[in-house]
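Heads up: the structure comes next, in structure tokens.
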Amino acid sequence: MKKLVVAILSLGCISLSAQSFVRFARLSPDGQSMSFSYQGDIWYWSNMEGKPHRLSLHESYDGNSVFSPDGKQLAFNSSRFGNGDIFTIDVEG
């Protein structure tokens, strides 16, 4: 629990503009990693150490990520084709 609180507080340290902010933070099934949406892209923070890295980079909005049961993939919602489709991506890129 302490690690979760530190991780959430650390997200606040990411440089944020007035119009963009961290949304939809999700812990991995083992509780060691985190995914979140920032500036319309999906980010992954492995072991909640170091810096998070961007998994998706698209002009459309990507959000609402959910880990697979084994924690190796993320499913997320995207408006890439004009509607809310579901995509998957490996957490290691």
Within the range 52-80, restricting to residues that are part of a strand (DSSP E or B) and open to solvent by 30 Å² or more (accessible area, probe 1.4 Å), the one that is farthest from Arg23 (Cα to Cα) is Gln73
Filtering the range 81-93 down to residues that are open to solvent by 80 Å² or more (accessible area, probe 1.4 Å) and either in contact with a helix residue (DSSP H, G or I) (Cβ under 7 Å, 6 or more places away or on another chain) or farther than 22 Å from Gln32 by Cβ (or both) yields Phe81, Asn83, Ile86
Among the residues of the range 28-51, the number that are surrounded by fewer than 21 Cβ atoms within 10 Å (Cβ to Cβ), part of a loop (DSSP other than H, G, I, E, B) and touching a residue at least 12 places away in the same chain (Cβ under 8 Å) is 7
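The values are calculated or read from the model by the stated rules, or taken from the named source; none is laboratory data. All values reported here derive from a predicted model rather than from experimental measurement. All Cβ positions, glycine included, derive from the backbone under ideal geometry; neighbour counts span all protein chains shown. Remember, those area values only see protein heavy atoms, side chains included, never the ligands or the DNA or RNA. Shrake-Rupley method; radii C 1.70, N 1.55, O 1.52, S 1.80 Å.
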